[in-house]
1. Skipping prolines and chain starts, which residues have an amide H placed within reach, meaning under 5 Å, of the one on residue 44, given they are 5 or more residues away or on another chain?
2. Separation between the residue 92 and residue 122 pseudo-spin-labels, each 7 Å from Cα along Cα→Cβ, expressed in nm?
3. For labels at residue 72 and residue 30 in the simple 7 Å Cα→Cβ model, what's the distance in nm?
4. Mind ranking 40-46, 96-102 by how tightly packed they are, going by the mean number of other C-beta atoms within 10 angstrom, highest first?
5. Test of understanding: what is the full-extension gain from residue 16 to residue 112, defined as 0.36 nm times their sequence separation minus their Cα-Cα distance?
6. Roughly speaking, what is the stretch gain from residue 53 to residue 130, that is 0.36 nm per residue apart minus the C-alpha to C-alpha distance, in nm to one decimal?
Amino acid sequence: MNIQQPDRSLQLVDAIDETEVSGRIAVATSDRLYVNEHFGTATNFLIFALIKNEWHLQKAIEYPATDRKHSQNKLISRINALAGCNAVYSNAVGPSAVQQLLQKKIQPIIVESDTNIKQLLAAINQDRKTARTGWLSQLNKTKSQLSDKREKMLELLDEDWE
């Protein structure tokens, strides 16, 4: 099996504290300004991390634009490249990709073509504050559970060790 690899993958090496990251999303884009591509044939993905209520670009992935056909090899490469993301936003996504993304705990979300990425990030941030269902509520629960575990560990460290 010949798995298609990205042409280029740029990862920003900004030192971030992973405990500060609330979640990550990816967007399928051809121009890095708008969500405007089908997941399986996207030429670019941008990955953003949410840190203290602000989105930070962490990675840009570029695939060749020459082959617009669907293939399992392309899906595997794209899904593996999105490891660690909570959701991926695109204009369309096929049933096979949906199934594989969900198995990796990545929520596929379809938005209208030419959705502005900056506006999308702002809307997600606003929705996250009141989310009671869906992937955003899971994101809030996971962050809360991690904070609780961290507090318990810190309490253990404060105890007397004899």
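1. 29, 63
2. Distance between label points: 3.0 nm.
3. Inter-label distance under the simple model: 2.9 nm.
4. In decreasing order of mean packing, 40-46, 96-102 become 40-46, 96-102.
5. Separation in residues times 0.36 nm, less the Cα-Cα distance, equals 31.4 nm.
6. Using 0.36 nm per residue and subtracting the Cα-Cα distance, I get 26.4 nm.
Only the coordinates and a few stated rules stand behind these numbers; no lab work does. Just so we're clear, the structure is a prediction, and the values are computed from it rather than from any experiment. Using ideal geometry, Cβ is built from the backbone for each residue, glycine included, and neighbour counts are taken over all protein chains shown.
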